[in-house]
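Before any comments, here is the structure.
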Amino acid sequence: MKVYTALLLQLIIWSGYTFIEWLSKYDQLVYKVIMFFVFFYLAINIGNWIIKSAKKTFFVTIMSLSLYGSFHLAMSYLSQW
């Protein structure tokens, strides 16, 4: 149950990242990369706070990032139709 909770919270964090990235669409790439690492750090810390295992936290964070990235790519692909 802890892994599921951490996964859901991290998906919310990635959604927030997409929203903030949309708001800052005219920023330079460097600032977007820094912002990504800030959200990545936040996702890892929240996951570690819930799961309390560094290895599982890293795995869940990569899994949530890949799930959200694939969903984001699928939605951008479908919006082009």
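Brief remarks on what is shown
- The residues of the chain expose, per residue, 75 Å² of accessible area to a 1.4 Å probe.
- In terms of its Cα atoms, the chain spans 39, 29, 15 Å along the principal axes, sorted from long to short.
- Taking a straight line from the alpha carbon of LYS56, these lysines sit under 18 Å away, with near neighbours fewer than eight places off in the same chain left out: LYS2.
- Point-to-point label distance, ILE20-LEU42, nm (Cα→Cβ direction, 7 Å offset): 0.4
- Sorting the segments 3-15, 25-37 by their mean number of nearby beta carbons within 10 angstrom, highest to lowest, gives 3-15, 25-37.
- Accessible carbon and sulfur surface of the chain relative to its total accessible area, %, 1.4 Å: 74
The values are calculated or read from the model by the stated rules, or taken from the named source; none is laboratory data. As the structure is a prediction and not an experimental result, all values here were calculated from the model. Backbone-built Cβ (ideal geometry, glycine too); neighbour counts: all protein chains shown. Quick note on the areas: whole protein, heavy atoms, side chains included, nothing else; ligands and nucleic acids left out. Shrake-Rupley method; radii C 1.70, N 1.55, O 1.52, S 1.80 Å.
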